[in-house]
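First comes the structure, then the notes that go with it.
The values are calculated or read from the model by the stated rules, or taken from the named source; none is laboratory data. From a predicted model like this one, the values you see are computed outputs, not experimental measurements. Cβ: placed from backbone, ideal geometry, glycine included. Neighbour counts: every protein chain shown. Please note that ligands, DNA and RNA were not included when accessible areas were found on the heavy atoms of the full protein model with its side chains. Shrake-Rupley method; radii C 1.70, N 1.55, O 1.52, S 1.80 Å.
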Amino acid sequence: MKNIYNKLCHIGNQRLRRGFTLTEMLTVVLIVGILVSIAIPQYRRTIRRSRINEAIAMLDVLAKTSERLMISKGYKTLTALNAAKEFSFKRVDMLDTNTLPCSVSSTEVNCEDFTYTYGADTNGFYLQAKQKATDALLKLYPDRWSTHDDYITCSCETATKGCDSDLCALYGYPYK
């Protein structure tokens, strides 16, 4: 019996290997760790960008449908429509609450990652997307599309949730 065992476990003078050495295992763990440390931040950055692109697309849809509302009410600008208290998200034609995965009121659209509101400041009427995770604010000024480069601005409501100028730079919009 011992003879059979020796024949199975030895080939010539070398013993058969029955697994991986500790050095091989540590090398694999090290390589996997390096790959994960590179991949996770890139994945998070990609997720952030996709969410901000989703917000920009929603702002664009809101702006275009708001313009249709403006035209149907006979106003020349959205600022004038808002000043006349005629604007409401409930009146915007694309916001079908049966198909939109967001709750819609007359003053805001509340989605999973962003809350969309509207208002006016010194630059005119704006549509705003506020990211819930970071308090980053994206403002889109539809009346300024054709005349100004900064028709979309990025700012932070508070700096406590990780919103800063680097976050706005990641999105590619000017920090105000």
Before I look further, what does the stretch 18-146 give for accessible area per residue, probe 1.4 Å, in whole square angstrom? 60
Lys and Arg at +1, Asp and Glu at -1: add these up for the other residues within a Cβ distance under 14 Å of Ser50 and post the number. +2
Mind checking the stretch 19-125 for GluC sites (Glu not before Pro) that DSSP puts in a loop (not H, G, I, E or B) and that have at most 13 other Cβ atoms within 10 Å? Glu112
Quote the accessible area belonging to Leu22 in square angstrom, nearest 10, computed with a 1.4 Å probe and with ligands, DNA and RNA left uncounted. 130
Accessible surface, 1.4 Å probe, highest first, among residues Arg51, Arg144, Arg18, Arg68: Arg18, Arg68, Arg51, Arg144
